[in-house]
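The values are calculated or read from the model by the stated rules, or taken from the named source; none is laboratory data. Quick caveat: nothing in here was measured; it's all calculated off a predicted structure. All Cβ positions, glycine included, derive from the backbone under ideal geometry; neighbour counts span all protein chains shown. Only protein heavy atoms, including side chains, enter the accessible area calculation; ligands, DNA and RNA are left aside. Shrake-Rupley method; radii C 1.70, N 1.55, O 1.52, S 1.80 Å.
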Amino acid sequence: MTSVVLNGVTALSHLGVIRAEGPDAASFLHGQLTQDFALLDAAEARLAALCTAKGRAIASFIGIRPQPDRILLVCSRDILAATLKRLSMYVLRAKAKLGDASDEFVLYGLAGTALAANDVDPASLPRRSIAVGDAHAVTLYPSDGVPRALWIAPAGSSTPEGPALDPALWQWSEVRSGIVTLSSRVVEAFVPQMINYESVGGVNFKKGCYPGQEVVARSQFRGTLKRRTYLVQASDEIAAGQEVFAAGDPEQPVGLVAQAAPAPGGGWAGLISIQIAAIEAGGLHARAADGPSLTVEPLPYALLEDI
């Protein structure tokens, strides 16, 4: 059923683009984000987070480097302005210029047969950046086995080939992929590992320093990580930023909804960052101890052990 309904092309108006350009653009971002941008080439994409000094993620990005002196960062539009302001504070003497380039690009989500229809190999590994004319297609983690891609093209470009896809289905596929995209409701709520970023290529532990790096590294290597993100089904509507409670304890939340979307067959799908012990105990509810019940499902990827 999933491969039938999740097929086509949809505009992603909820996303925006930050452009970094100049001789130091890559080295500047390398020193600010959780992933390696110094070695990023035109055929790759990066998942990365921007953190506070305390290691809390302020924003998440998919980044590509279409030209040696230009990097594009795709993030949630509702946090773009604040994220751009914060990054700009640290440019200082770096030969890099940052700006909101959202109006200069159109963003689409491609699913199923739409990839091949637009010259994107559906068998490509996640986070390949594929040039298609003036556009770039970034392959994403699949959703229930259905291949997906992010399409980044200059404003005014024609819509990619493929049937129209309901935007709600795309949002559902984002949740089902298991990869959290941070939005305004969960800014500073998580250390990157709490949303599994070290397991899905969002953290590079071998690169140099960046804001919050010591906290992120300490969480990884000292065994202090007690929260992970899990995929759930909900009996009723849930939303990012809502607390998660264990049955029998209405006072103390054990987690937080990181992302959610309505499921095509009814109910809701969610990604919750939660205490590992609470997952093992079961009996989870969103909003309150008697709120929508949550059923945990297997993640579509393996969680890495400490490295």
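Restricting segment 141-174 to residues that are among the small types (G, A, S) and farther than 12 Å from Y108 by Cα, the residue that is surrounded by the most Cβ atoms within 10 Å (Cβ to Cβ) is S173. Scanning segment 105-117 for residues that are surrounded by 21 or more Cβ atoms within 10 Å (Cβ to Cβ) and either of a type in the set (G, A, S) or closer than 24 Å to G178 by Cβ (or both) returns Y108, G109, L110, A111, G112, A114, L115. Just one of the listed residues (V138, V120) is free of Cβ contacts under 8 Å to residues at least 40 places away in the same chain, open to solvent by less than 20 Å² (accessible area, probe 1.4 Å) and among the β-branched types (V, I, T), and it is V120.
Scanning segment 77-104 for residues that are surrounded by fewer than 21 Cβ atoms within 10 Å (Cβ to Cβ), on the phi < 0 side of the Ramachandran plot, not acidic (D, E) and not in a helix (DSSP H, G or I) returns M89, Y90, V91, R93, A94, K95, K97, G99, A101. Every test in (1) farther than 16 Å from L256 by Cα; (2) open to solvent by 10 Å² or more (accessible area, probe 1.4 Å) is passed by G202 save one, and that test is (2).
E251 meets each of the listed conditions (1) open to solvent by less than 50 Å² (accessible area, probe 1.4 Å); (2) in contact with a Phe, Trp or Tyr (Cβ under 9 Å, 6 or more places away or on another chain) apart from (1).
Out of the residues in segment 1-47 meeting the condition of being assigned to a loop (DSSP other than H, G, I, E, B) and among the hydroxyl-bearing types (S, T, Y), tell me which one is surrounded by the most Cβ atoms within 10 Å (Cβ to Cβ).
For segment 1-47, the residue satisfying everything is T34.
Selection of first residues in segment 1-27 that are at pLDDT below 95 and of second residues that are assigned to a loop (DSSP other than H, G, I, E, B) and crowded, with 23+ Cβ neighbours inside 10 Å, restricted to Cβ pairs under 9 Å at least 6 apart or on distinct chains, gives the following pairs, ordered by first then second residue: S3/G112; V4/G112.
The residues in segment 175-185 that are open to solvent by 10 Å² or more (accessible area, probe 1.4 Å) and farther than 12 Å from A263 by Cβ can be counted, and the count is 5.
When segment 205-238 is limited to residues that are β-branched (V, I, T) and part of a loop (DSSP other than H, G, I, E, B), the one that is least open to solvent (accessible area, probe 1.4 Å) turns out to be I238. Residue-level analysis places R56 among those that are open to solvent by 40 Å² or more (accessible area, probe 1.4 Å), within 20 Å of N196 (Cβ to Cβ) and not β-branched (V, I, T). Scanning segment 73-97 for residues that are over 18 Å from the mean Cα position of the chain (by Cα) and farther than 18 Å from R46 by Cα turns up K85, R86, S88, M89, Y90, V91, L92, R93, A94, K95, A96, K97. Only a single criterion out of (1) of a type in the set (G, A, S); (2) at positive phi; (3) without any contact (Cβ under 8 Å) to a residue 24 or more places away in the chain is not satisfied by G55, namely (3).
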